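The next block holds one structure in the form of structure tokens; read it before the comments.
Please treat every number below as a calculation from the coordinates, not as lab data. Just so it is clear, the structure is predicted and the values come from calculations on it, not from any experiment. No Cβ is skipped: glycine too gets one built from the backbone with ideal geometry, and neighbour counts run over all protein chains shown.
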Amino acid sequence: MPTNYEAGTFDVIVVGAGHAGVEAAYAAARMGAKTLMLTINLDMIAFMPCNPSVGGPAKGIVVREIDALGGLMGKVIDKTHIQMRMLNTGKGPAVRALRAQADKFQYQHEMKRVLEEEPNLQIHQAMVDELIIEEGEIKGIITQIGAIYRAAAVIITSGTFLRGEIIIGNLKYSSGPNNQQPSIKLADNLKELGLDLIRFKTGTPPRVNNRTIDYSKTEIQPGDDVPRAFSYETTEYIMDQLPCWLTYTSEQTHKVIEDNLHLSPMFSGMIKGTGPRYCPSIEDKVTRFSDKPRHQIFLEPEGRNTREVYVQGLSTSLPEHVQKQLIASVPGLENAEMMRAGYAIEYDSVVPTQLWPTLETKKISGLYTAGQINGTSGYEEAAGQGLLAGMNAAAKILGREEIILSRSDAYMGVLIDDLVTKGTNEPYRLLTSRAEYRLLLRHDNADLRLTETGYKAGLISEERHAKFQLKKQRIEEELARLREVIIKPNETTQAVIRSVGGAELKDGIRGADLLKRTEMHYEHIASLIPSDVVLSEDEQEQIEIQLKYEGYIQKAMQQVEKMKKLENKKIPENIDYDAISGIATEARMKLKDVRPLSIAQASRIAGVNPADISILLVYIEQGKIARINMN
Amino acid sequence: MEFDTIAAISTPMGEGAIAIVRLSGDEAVEIADKLFKSPNGKHLTEVPSHTIHYGHLIDPKTGEVVEEVMLSLMRGPKTFTREDVVEINCHGGIISVNRVLQLVLRSGARLAEPGEFTKRAFLNGRIDLSQAEAVMDLIRAKTDRAMNVALGQMDGKLSRLIASLRQALLETLAQVEVNIDYPEYDDVEEMTIPVLLEKCSWVREEIIQLLQTSSQGKILREGLSTVILGRPNVGKSSLLNSLVQENKAIVTEIAGTTRDIIEEYVNVRGVPLRLVDTAGIRETEDIVERIGVERSREALKGADLILLVLNYGEELSIEDERLFETIQAMDYIVVVNKTDIERKIDLNRVHELAGKHRVVTTSLLKEEGIIELEEAIAALFFEGQIEANDLTYVSNARHIALLHQAQDTIEEALMAAESGVPVDMIQIDVTRTWEILGEIIGDTVQESLINQLFSQFCLGK
Ligand SMILES: Cc1cc2nc3c(=O)[nH]c(=O)nc-3n(C[C@H](O)[C@H](O)[C@H](O)COP(=O)(O)OP(=O)(O)OC[C@H]3O[C@@H](n4cnc5c(N)ncnc54)[C@H](O)[C@@H]3O)c2cc1C
Ligand SMILES: Nc1nc2c(ncn2[C@@H]2O[C@H](COP(=O)(O)OP(=O)(O)O)[C@@H](O)[C@H]2O)c(=O)[nH]1
Ligand SMILES: [Mg+2]
């Protein structure tokens, strides 16, 4: 046993410096809380244990949301990517999303540098073993070597480290991701404190040396050749991009798998944790979709200053010698040298229905959890949670209002609401289809949705806020103008309309209505009725989307309004569900478990049906009437 | 969803010449205004509270006049529910009330659950505290029973059909989603507009088909198919004529399609009756004699109601007894006609044969007993086990309303697809259709789409 010593007092302690931890620490420090960030290995800050990429559908929008609130992920990836692409450009605006291939080493270095600059943030390398709890409140933590740090708020962001176990073939050993030290005592401690844990599993493919890849057998996948950025603050763009490459599995790949299936820990029963369906291993894919002749394999560089290449699509936990055969079976990789083997990892996570929507645990006041520990998977999901946990922990310490995003505010709202209301029985990944209002949760309007919230919290600078307000005002004014000004059916007008293949005007038409035509764009309208102010591309896009899809947007807004009414029906925190007669047993159990804050949240719990909601409403109303009567 | 606008028929069915459809909620006035056209062109949104207005209800889809109505408008909080309330007074027949109800439901209102107006009154503080427990019991009991009835009532074939429509929509949606969430997979087929159009059109056709054949819809549109049965000369044609004459205002003629028969369509105290095979009966050509008992059994199969006519002035014959046997498993009313002549029939025996079925005596010649007969018909339709009937009706009306909504949303999707709207927008209305169909069969689990996505496609790194 080490001798304990008092090592310092802080407002907020963040355990972990993964994607959740860095956002949490940065936000808390920026909001004015004296913050300490502890991590097992300082060289692994914001490490990407799996694919070197950030963004994509839904996830890319989360990165924009993080940026709109004043978080880090967008800014850092803007500086450290090797290529960027806008996805789904052929579809509607609601599903467009940005994806970047990261230089994962530069990403870590840049993140570390930015955090080191923060005056309110102290960074320290340490393994946290124990939490100090007094009367249901967090008081601080104790490290492996006996250092005691005190704080009234602690955020745990331990990722896949809790009792982590790596599995390759029939080999299983205690480890964090990429052979880092696992976190065992902390897992035991959380259990002792009465938190329910669940065992999940994920995996990663092998890496190869690009010196040994025959790219002539693959297809090139370049980035977009226009400047792109996640952050609203980014002004410099990286135009020197590296491509990715596409190849496929072969018949031989499938044969290797079939011949060696008995060696897979997935099938031998060695792996007990639940893996994500959206991240199946290659052995999973081949057995479950046996009629598919081949699967895509993307070759993604891990950075500019390395030859290591991530083999996306070949995630596996087969023994290393089988992995080598697998690689050799892929066109282009016949002679590729494997640098690291793929592996599966099992780990503990916290059952997320034990959390309030602020990500504070219900059991222990002041203790927050964020990131993969809450049952999610993915860097962006982790970062989003980290940011909100950091904001809420700081808000609590500073006596400010808590920050809860609704399902119509942000994908992050969807993510957290799903976690704390429904829980999850597999690692949770965001998908656009999880959002019922995805038309409102767009890539292009993340700033309009969230900048104000970030500003109020103190994470958005005055300068940026002023710029934002100006943008908003210009958009509103231009929208108003287009709704007002009438375009006359003269020869100039008809010529413009003809040039895009539209039907000529019979009468005058308002600018807004002409823009609603599929073939018309803002620039056409602006050429007919020029505006005094020249709008930026962003602003033009905003106007076009808001007008073109007005009908759909309004429909969605009406639904949101309805939901808001139920959201505003708050359930008193001290409600005694046992005292309510008439609620079905299953519903009562779920309600006691989740303790929803509003009727809307209650109605989203599986197993709580409309009759239970009605009775709940009656009861709450009864309480109100009783109070009125007493006064 | 709580606090949306609810609607229901608030007068007992089949009674009285006037029926009321009541709306309550924030959008009550707005919804009524969408449908209402007053002769002087005033809008309900502009009229003062607690006023009554005369006008017509117009179907906004077709522009056709649906009903002539009196409409009272009362704004909250001085109403029973403390919300805005609109009461639409229309003709009392079950057809017209239901048309009005369906119109309102298609325009944004939701069919009220049993006891829901009372519940709202309570929630809005209109009813006092002492009644709280009672209200809770009421909600629990009624909602559970309505659910059970609604589900129990669903015919297996119908729910299977709806489930298959949903599955088709789900697969379509999964295909749309997979292209959105996994754009890098070039081996997953893009959901193209033509494919989407094809799928959606098919679903639309099926929904329309369903609406045409749904039992409530059929009865409302076509009436209860009713056969007047009896030996020659007992007074079948006379019975038909008096029913038709009594209710002549609503007689319509529908030409039969397969055989050359004229069917009489009458409305008896709100119950629509379609008197079948009336041509044969009119010509005093006896259906039983003509086609024999065996085949008349066939002809009777499709009937919802039988009126068995006996002669008061004659003894029961073997044929009479045989007719009783033929119809024993069906809904029927016995009409003992010609009470104005001397009784020869053994009424005790008639009651014995009729069992739990009603027996009415008439003299069609003297126009006696017709009111009693009409009451017996109405009672058969509305009473019996009143609760169950009420709830059956509710769940059916709900199904129809939902099917109409599903039709509307899928049509919006189709229209959007035709006008070049991006697939992920069209998807909004397709999803909505899928959800609405789910409400009919009581299945609204959100996870299904994601499950479908990962079972249909091979995704991920
Ligand atoms: C092998 C593997 C494969 C993956 N595959 C995918 C995938 O295919 N798709 C996908 O979306 N996501 C995948 N992920 C998940 C993704 O990497 C994580 O979701 C994301 O990194 C989680 O971020 P985090 O901040 O929650 O945790 P991490 O990034 O894991 O960070 C955890 C941090 O906590 C610190 N820590 C832990 N315990 C202690 C302690 N006791 N004391 C001090 N510090 C501690 C660690 O040092 C580390 O800094 C994979 C992860 C792994 C490991
Ligand atoms: N006395 C008397 N005669 C009736 C009555 N109802 C019908 N009739 C007569 O009975 C005869 C046969 O009637 P009809 O309706 O043609 O019988 P159907 O053969 O069953 O269709 C006609 O002459 C009618 O006028 C009744 O209530 N009393
Ligand atoms: Mg006759």
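Which semi-axis lengths, in whole Å and largest first, follow from the square roots of five times the eigenvalues of the Cα gyration tensor of the protein assembly as shown?
Working: eigenvalues 835, 216, 209 Å².
Semi-axes from the Cα gyration tensor: 65, 33, 32 Å.
Partner chain Cβ atoms within 10 Å, averaged over the residues of A:289-300 - can you pull that number for me?
Details: counts 5, 0, 1, 3, 1, 1, 3, 7, 1, 2, 0, 1.
Mean inter-chain Cβ contacts per residue within 10 Å come to 2.
Just to be sure I understand the model, the point goes 7 Å from the Cα along the line to the Cβ. What's the resulting residue A:125 to residue A:534 distance in nm?
Using points 7 Å along Cα→Cβ, the separation is 5.2 nm.
What Rg and what Dmax come out for chain A when only alpha-carbon atoms are used, in angstroms?
26.5, 89
Say R0 is 41 Å: what FRET efficiency, to the nearest 0.05, do residue A:173 and residue A:586 get from their beta-carbon distance?
Taking R0 as 41 Å, the efficiency between residue A:173 and residue A:586 is 0.50.
From the Cα trace of the stretch A:74-177, what convex hull volume per residue do you get, rounded to a whole Å³?
Working: hull volume 23.6 nm³, N = 104.
Given the Cα convex hull of the stretch A:74-177, per-residue volume reads 226 Å³.
Over the stretch A:240-355, with a single point scatterer placed on each C-alpha, what log10 of the ratio I(q)/I(0) does the Debye formula yield at q = 0.11, 0.20, 0.22, 0.23 1/Å?
Ignoring solvent entirely, the Cα scatterers give -0.41, -1.13, -1.31, -1.40.
List the aspartates and glutamates whose alpha-carbon lies under 12 Å from that of residue B:356, not counting same-chain residues fewer than 8 positions away?
B:331
How big is the stretch A:351-430 in terms of Cα radius of gyration and Dmax, in angstroms?
Values for the stretch A:351-430 (Cα only, Rg and Dmax): 11.5, 35 Å.
Quick one: if you stick a label point 7 Å off each Cα along the C-beta vector at residue A:181 and residue A:215, how many nm between them?
It works out to 4.1 nm between the two label points.
Which whole number gives the average count of other chain Cβ atoms within 10 Å of the Cβ atoms across peptide A:273-279? Don't skip to the end; give the middle numbers.
Details: counts 0, 0, 0, 2, 7, 8, 3.
Average per residue, whole number: 3.
Place a label point 7 angstrom from the Cα of residue A:334 along the Cα-to-Cβ direction, then list the residues of the stretch A:207-233 whose backbone nitrogen is under 20 Å away.
Taking a point 7 Å out along Cα→Cβ of residue A:334, the residues of the stretch A:207-233 whose backbone N falls under 20 Å are A:208-220.
Please give every one of the aspartates and glutamates within straight-line cross-link reach of residue A:592, meaning a C-alpha to C-alpha distance under 16 Å, and leave out same-chain neighbours fewer than 8 residues apart.
A:196, A:573, A:576, A:578, A:612
Report the per residue volume, in Å³, of the convex hull enclosing the C-alpha atoms of the stretch B:296-381.
Considering the Cα atoms of the stretch B:296-381, their hull volume per residue is 92 Å³.
Quick one: if you take sqrt(5λ) for each eigenvalue of the C-alpha gyration tensor of the stretch A:292-384, what semi-axes come out, biggest first, whole angstrom? Show your work: numbers first, answer last.
Values: eigenvalues 287, 44, 29 Å².
Values for the stretch A:292-384, descending: 38, 15, 12 Å.
Determine ³J(HN,Hα), in whole Hz, for all residues of the stretch A:240-249 in sequence, where each value follows from phi through the Karplus function 6.51 cos²θ - 1.76 cosθ + 1.60 and θ = phi - 60°; x replaces Gly and Pro.
8, 10, 9, x, 9, 9, 10, 9, 9, 6
Quick one: which residues, 5 or more positions from residue A:598 or on another chain, have an amide H under 5 Å from its amide H? H modelled 1.01 Å from N in the peptide plane, none for Pro or chain starts.
HN-HN under 5 Å from residue A:598: A:571.
Using the Kirkwood radius over C-alpha pairs as Rh, can you work out the diffusion coefficient of the stretch A:390-547 via Stokes-Einstein at 37 °C, viscosity 0.692 mPa s, in µm² per second?
Values: Rh = 18.7 Å.
Answer, rounded: 175 µm²/s.
Residue separation times 0.36 nm, minus the C-alpha to C-alpha distance between residue A:521 and residue A:259: what's the value?
Stretched out fully, the residue A:521 to residue A:259 stretch lengthens by 88.6 nm.
Could you give P(r) for the stretch A:430-491, binned at 5 Å from zero, as whole percent values over all Cα-Cα pairs?
Pairs per bin, as whole percents: 3, 14, 16, 16, 15, 14, 10, 6, 3, 2, 1.
Quick one: which residues, 5+ away or cross-chain, put their amide H under 5 Å from the amide H of residue A:130? H built at 1.01 Å from N.
Placed amide hydrogens put A:142 under 5 Å from residue A:130.
List the pairs from A:565/B:119; A:79/A:104; A:255/A:285 whose alpha-carbon separation is above 20 Å, in the order I gave them. Write down the numbers at each step before the final one.
Details: A:565/B:119 17 Å; A:79/A:104 11 Å; A:255/A:285 13 Å.
With Cα atoms farther than 20 Å apart: none of A:565/B:119; A:79/A:104; A:255/A:285.
Treating each Cα of the stretch A:224-285 as an identical point scatterer and ignoring solvent, apply the Debye formula and state log10 I(q)/I(0) at q = 0.13, 0.14 Å⁻¹.
Here log10 of I(q) over I(0) equals -0.65, -0.68.
From other protein chains only, count the Cβ atoms within 10 Å of every residue's Cβ in A:566-575, then give the mean.
Details: counts 3, 0, 0, 3, 0, 0, 0, 0, 0, 0.
The per-residue average across the peptide is 1.
Say R0 is 22 Å: what FRET efficiency, to the nearest 0.05, do residue A:401 and residue A:462 get from their beta-carbon distance? The partial results should precede the final answer.
Numbers: r = 20 Å, r/R0 = 0.93.
Efficiency at R0 = 22 Å is approximately 0.60.
Can you give me the convex hull volume of the Cα atoms of the stretch A:159-270, divided per residue and expressed in Å³? Present the calculation step by step, with values, prior to reporting the outcome.
Details: hull volume 23.5 nm³, N = 112.
Each residue corresponds to 210 Å³ of Cα convex hull volume.
Mean projection of the alpha-carbon convex hull of the stretch A:480-631 over all orientations, in nm²?
That works out to 15.2 nm².
Rounded to the nearest 500, what is the protein assembly as shown's calculated 222 nm mean residue ellipticity when only DSSP H runs of at least 4 contribute -39500 (n - 2.57) each, over all residues? Before the final figure, lay out each step's value.
Values: 37 runs with 458 residues, N = 1092.
After summing the helix terms and dividing by the residues of the protein assembly as shown, the value is -13000 deg cm²/dmol.
Please identify every one of the GluC sites (Glu not before Pro) in the stretch A:474-560 that sits in a loop by DSSP and has no more than 13 other beta carbons within 10 Å of its own beta carbon. Walk me through the numbers on the way to the answer.
Details: sites: A:476, A:477, A:478, A:484, A:491, A:504, A:519, A:523, A:537, A:539, A:541, A:544, A:550; in loops: A:504, A:519.
Counting only loop positions with at most 13 other Cβ atoms within 10 Å, the GluC sites (Glu not before Pro) in the stretch A:474-560 are A:504, A:519.
Could you give each residue of the stretch A:261-278 its phi-based ³J(HN,Hα) in whole Hz, using Karplus coefficients 6.51, -1.76, 1.60 with θ = phi - 60°, and x for Gly or Pro?
Listing the rounded values in order: 4, 5, 8, 7, x, 4, 9, 7, x, 5, 8, 10, x, 7, x, x, 5, 7 Hz.
Tell me the trypsin sites (Lys or Arg not before Pro) within the stretch A:423-518 that lie in a loop according to DSSP and have at most 11 other beta-carbon atoms within 10 Å.
Numbers: sites: A:429, A:434, A:438, A:442, A:449, A:456, A:464, A:467, A:471, A:472, A:474, A:481, A:483, A:498, A:506, A:510, A:516, A:517; in loops: A:429, A:438, A:442, A:506, A:516, A:517.
Of the trypsin sites (Lys or Arg not before Pro), the ones in loops of the stretch A:423-518 whose Cβ has at most 11 other Cβ atoms within 10 Å are A:506.
Do the alpha carbons of any pairs in A:590/B:34; A:488/B:61; A:34/A:185; A:569/A:590 sit beyond 30 Å of each other, and which pairs?
A:590/B:34; A:488/B:61
Under 12 Å from the Cβ of residue A:330, count the other residues' Cβ atoms, weight Lys and Arg +1, Asp and Glu -1, and hand me the total.
On the way: positive: A:217, A:294, A:324; negative: A:214, A:251, A:334.
Taking every other residue near residue A:330 into account, the sum is 0.
Give me the extension gain from residue A:494 to residue A:480: residue separation times 0.36 nm, minus the current Cα-Cα distance, reported in nm with one decimal. All intermediate terms of the calculation are to be shown ahead of the outcome.
Working: separation 14, 0.36 × 14 = 5.04 nm, distance 2.36 nm.
Additional length available on full extension: 2.7 nm.
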